[in-house]
Amino acid sequence: MYWSYYWYQFKRSIGRFILTPYFTPKKFLNACLLFGQFLFFKNKKVKGYPLKLSMDPTNLCMLRCPLCPTGRRDPSRPGAIMPLEHFKHTVDEMAPYLYEIDLNNWGEPFSNKYIYDMIKYAHEKNIRTSVNSNLNVPWTKEQVRLLISNGLDILRASVDGIRQETYEKYRAAGKLETVVTNLKLLKKIKKEMGAKNPRVDWQFLVFKHNEHELPELSKFKEEIGADNLIIAPVRADLGKEIFLTDEQKVDSLKDYLPTDEKLSRYQYEEKKRKLRKKYCHFLWTVSVINASGSVSPCCGIYPEQADVGNAFKEGGIKKIWNNEKYQKSRDIVARRAVDNKLVCQNCIYTGFID
C-alpha cells in the first residue's frame with residue numbers, strides 16, 4: 001500500500017517538475033534542494049526559495065458558503081484586492097524558482113478585474129497558472145478568449161450540485177445557471193480556437209444533501225465540457241480546521257456529512273480521519289501570499305494575526321522566507337515542539353490537514 005502511494009507520488013513528480021514546459025535547470029535544482037531539506041533535515045533555515053506560490057487575488061466573495069470564513073464574513077482577515085503591480089513585483093522576484101502559482105485562496109478570483117492580466121504575466125514568465133473559482137461572475141466572450149490566449153493552464157470549478165435547489169444549499173447565494181453558462185461558453189470558445197487549455201477540473205464536494213446526484217455527474221460533466229471530475233469529501237470549517245480535533249470536526253459536520261461513510265474523509269464511529277499526514281511540507285516548499293500581501297505559513301490559516309509577515313510591505317517574499325517566525329514554525333513541525341505564539345503548533349495537537 002505504502003509503496004504504491006510513493007510510486008504514484010514519484011510518477012506525479014516526474015510530470016510536474018521534469019516533463020513540463022515550465023522546466024528549467026535552475027527551477028529543478030531549487031526543487032531538489034527544497035525537497036532534500038524537507039525529507040532529510042527538516043532544517044528551520046531553508047536554502048532555496050518556494051517552488052510554488054498561492055497568491056490570492058482577493059479574499060472577497062459573493063457567496064455565503066457556511067463552512068468558509070469568507071462566506072460567513074469572518075472579520076479576522078480584512079477584505080482586500082491584490083493590486084496588479086504588487087503581483088508583478090512578486091512574480092519578478094520569484095520567477096526564476098517558480099513552477100506554479102495558484103491564483104486563489106480565500107476569495108473568488110474573478111472578483112479582481114486584473115485576474116486576466118495576472119494570468120498573462122505569470123504565463124509570460126514561464127510559470128504554470130491555476131484558478132479555483134465558484135464561477136458566479138458572468139463572463140463575456142472576450143473575457144473567455146483572454147483566459148485562453150493569456151495562458152491559463154487549469155480552471156478548477158467548484159460546483160456541488162447539478163440542480164439549483166441542491167447547489168444553493170451549500171453555495172448559498174450562488175446561481176447555478178451562471179456557472180453552467182460560463183462553462184458552456186468556455187467549452188464553445190475553446191473549440192473555436194482549437195485550444196486544449198485551460199483544462200477544466202470540476203470539483204464536486206459530497207454532502208448529505210447532494211450524494212443522491214452522484215450517478216448523474218458523468219452526463220453533466222460532458223454537458224458543461226469539464227475534462228476531469230473530482231469527487232471530494234467535505235472537510236471541516238476552513239477557518240477553524242487547524243484548531244479542531246478530529247472528533248470536534250465530525251461533531252461540527254453532523255448536518256453535512258454524507259450518509260455513505262465511504263464518501264467521507266472520516267470514520268464515523270471512531271470520529272477520526274481515515275488518513276492522517278505526519279508532516280507538512282508547505283513550510284519548506286510553498287508560500288501563501290494573501291490579497292493584502294500578508295504571508296501565511298500554509299493555505300489553511302485564516303486569521304491574519306497568525307501570519308508571518310507582509311511581502312508587499314517588507315520588501316518581498318525573500319525577506320520573509322527565513323525570518324524568525326518562519327524559522328520557528330518549521331522548528332515546531334520538525335521537532336514536534338510547542339510555541340503558543342505560533343499557529344503551526346495546532347497541527348501538532350490536532351494533526352496536519354490533508
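The values are calculated or read from the model by the stated rules, or taken from the named source; none is laboratory data. Here the structure is a predicted model, which means the values were calculated and not measured. Backbone-built Cβ (ideal geometry, glycine too); neighbour counts: all protein chains shown. Just the protein is used for accessible areas: all its heavy atoms, side chains included, with ligands, DNA and RNA removed. Shrake-Rupley method; radii C 1.70, N 1.55, O 1.52, S 1.80 Å.
Yes/no matrix, rows are residues, columns are (1) open to solvent by 20 Å² or more (accessible area, probe 1.4 Å); (2) within 26 Å of HIS89 (Cβ to Cβ); (3) among the small types (Gly, Ala, Ser); (4) under 23 Å from the mean Cα position of the chain (by Cα):
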| position | (1), (2), (3), (4) |
| --- | --- |
| ALA306 | yes, yes, yes, yes |
| GLY309 | no, yes, yes, yes |
| GLY316 | no, yes, yes, yes |
| GLU324 | yes, yes, no, no |
| ASN340 | yes, no, no, no |
| VAL343 | no, no, no, yes |
| ILE348 | yes, no, no, yes |
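Checked against (1) out of contact with any Phe, Trp or Tyr (no Cβ under 8 Å at 6 or more places or on another chain); (2) surrounded by fewer than 13 Cβ atoms within 10 Å (Cβ to Cβ); (3) farther than 27 Å from ARG77 by Cα, GLU213 passes all but a single condition, namely (2). If you go through the range 57-68 and keep only what is within 15 Å of the chain's Cα centre (by Cα) and over 17 Å from LYS169 (Cβ atoms), you end up with PRO57, THR58, ASN59.
Scanning the range 278-293 for residues that are touching a strand residue (DSSP E or B) at 6+ places or on another chain (Cβ under 6 Å) and open to solvent by 10 Å² or more (accessible area, probe 1.4 Å) returns a single hit, CYS280. Take LEU275 and decide whether it is open to solvent by 40 Å² or more (accessible area, probe 1.4 Å), touching an Asp or Glu at 6+ places or on another chain (Cβ under 8 Å) and either among the small types (Gly, Ala, Ser) or within 25 Å of LEU155 (Cβ to Cβ) (or both). Criteria not met by LEU275. On the stretch given as the range 142-196, residues that are crowded, with 16+ Cβ neighbours inside 10 Å and not in a helix (DSSP H, G or I) total 19.
Reported count of residues in the range 216-251, each being farther than 28 Å from ASP74 by Cβ, in a helix (DSSP H, G or I) and open to solvent by 10 Å² or more (accessible area, probe 1.4 Å), is 7.
Do you know which of the residues in the range 214-229 that are in contact with a helix residue (DSSP H, G or I) (Cβ under 6 Å, 6 or more places away or on another chain) and not small (Gly, Ala, Ser) is farthest from ASN132 (Cα to Cα)? Spell out the reasoning first.
From the range 214-229, those in contact with a helix residue (DSSP H, G or I) (Cβ under 6 Å, 6 or more places away or on another chain) are 224-225, 229; that's our starting set.
Subset that is not small (Gly, Ala, Ser): 224, 229.
Working: ILE224: 16, LEU229: 14 Å.
Residue satisfying both the conditions and the ranking: ILE224.
Being outside any helix (DSSP H, G or I), out of contact with any strand residue (DSSP E or B) (no Cβ under 7 Å at 6 or more places or on another chain) and over 20 Å from LYS190 (Cα atoms) is a property that ASN126 has.
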